[in-house]
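Let me begin by presenting the structure, written as structure tokens, before commenting on it.
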Amino acid sequence: MELDPKKFAALLDKIEAEADEFLLARNQMVENDKERNANREALTALRKRARTTKTSVLTPFDSMMKDIHVSSTKPLVQEVCSTCGSHDSSEPTWMMLPGADLFAAIPFHAVHTMLEKDEEKMKFESKKLQSLVKEKALFISELRALADNISPGVIRSLVALKDKPLVM
């Protein structure tokens, strides 16, 4: 069975377009990982500066139970930021503003809050790109572009893998 040259050219164009999108998504994943690592390093530096870890700051309930013997004039539950801890949250912290080569002194609490929100956004973007890469790899495989190296069944089984075990 021979393909019509026009159909074959159209198939090659389709494979090339999908492969381009696949490579762009992979490159974007690499860039996002670099940015996520830099963000994580900044958060770690802020935690070191505040002398806290993710679990070192007492929860409001624990701090209430620790200080229960103190007079009742102060509030029983005090909100404590898990990153700031007992560190002065209004202390100016130098931060390079995103999208500009400009440094600004921003309160400590605002800096780490912005970084934590960025971390959540980047985590979401990373998962979205991972699923896009899987989808593109499966589509390219189904077009038989990789058939001489990897069968579509193997690609399909790899794409269908989940991080979490199936609970029955």
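The values are calculated or read from the model by the stated rules, or taken from the named source; none is laboratory data. Just so you know, these numbers come straight off a predicted model, no measurement behind them. Quick reminder, even Gly has a Cβ in these numbers, built from the backbone with ideal geometry, and neighbours come from all protein chains shown. Accessible surface is based on the protein model in full, side chains and every heavy atom, while ligands, DNA and RNA are left aside. Shrake-Rupley method; radii C 1.70, N 1.55, O 1.52, S 1.80 Å.
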Self-check item: Accessible area in the full protein assembly, largest first, 1.4 Å probe, for ASP101, ASP4
Solution: ASP101, ASP4
Quiz item: Which of the residue pairs LYS34/LYS128; LYS48/LYS134; LYS14/LYS123; LYS34/LYS117 have a Cα-Cα distance greater than 27 Å in the structure shown?
Solution: LYS48/LYS134; LYS14/LYS123
Quiz item: Largest first, what is the accessible-area ranking of LEU46, LEU143 with a 1.4 Å probe?
Solution: LEU143, LEU46
Practice problem: Hey, for a label at ILE15 modelled as a point 7 Å past Cα toward Cβ, could you say which residues of the stretch 110-145 have their backbone N under 11 Å away? | Solution: 140-145
